[in-house]
1. Using the Karplus curve 6.51 cos²θ - 1.76 cosθ + 1.60 with θ = phi - 60°, work out ³J(HN,Hα) for each residue of segment 27-38 in order, rounded to whole Hz, and write x for Gly and Pro.
2. At each listed q (0.12, 0.15, 0.18 Å⁻¹), what is the log10 of I(q)/I(0) that the Debye formula gives for the chain modelled as equal alpha-carbon point scatterers?
3. Mind listing the long-range amide H neighbours of residue 39? Cut-off is under 5 Å, sequence gap 5 or more, other chains count too, H placed in the peptide plane at 1.01 Å from N.
4. Could you compute the net charge surrounding residue 29? Neighbours are other residues with a C-beta less than 15 Å from the C-beta of residue 29; K and R count +1, D and E count -1.
5. Ordered by residue, what ³J(HN,Hα) values in Hz, to whole numbers, does segment 66-80 give under the Karplus form 6.51 cos²θ - 1.76 cosθ + 1.60, where θ = phi - 60° and Gly and Pro are x?
6. Subtract the Cα-Cα distance of residue 61 and residue 46 from 0.36 nm times their separation in residues, and report this length gain in nm to one decimal.
7. Suppose only helical runs count, i.e. DSSP H with n ≥ 4. What mean residue ellipticity at 222 nm does that imply for the chain under -39500 (n - 2.57) per run, divided by all residues and rounded to the nearest 500 deg cm²/dmol?
8. Pop out the ³J(HN,Hα) list for segment 51-59 in order, Karplus 6.51 cos²θ - 1.76 cosθ + 1.60 with θ = phi - 60°, rounded to Hz; leave Gly and Pro as x.
Amino acid sequence: MNLEYRVAHVTERLAAGSCGELGVRAEIRGEAVLLTGTVPSAGCREDILRVAHEDLAGVPVHCDLVVAETSPPDHSEELT
């Protein structure tokens, strides 16, 4: 199967999956695929990696996904 087709399929699965991730990009970089973007949780990041490894078996997948910090601060900010 063509790598561009496989990457497009990964993107479709991510958009339709449990995370509904539209902000993750899958780009072909030489013989590998790079995932970039920001996700809401570590669990979502793991789901995305699982889907990518399933659909891109045999292709190196590099991950540059950032987990957004959504918890409130644990201390107050001191202003001077």
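Every number here is computed from the coordinates shown, using simple stated rules; none is lab data. All values derive from a computational prediction rather than experimental measurement. Backbone-built Cβ (ideal geometry, glycine too); neighbour counts: all protein chains shown.
1. So the Karplus estimates, Gly and Pro as x, are 10, 7, 10, x, 9, 10, 10, 10, 9, 10, x, 10 Hz.
2. Each listed q corresponds, in turn, to -0.38, -0.53, -0.69.
3. The list, which skips near neighbours in sequence, is 66, 67, 68.
4. Net of charged neighbours comes to -2.
5. 9, 8, 6, 8, 10, 7, x, x, 8, 8, 7, 8, 9, 9, 10
6. So the extension gain works out to 4.1 nm.
7. -11500 deg cm²/dmol
8. 4, 4, 5, 5, 7, 10, 3, x, 10
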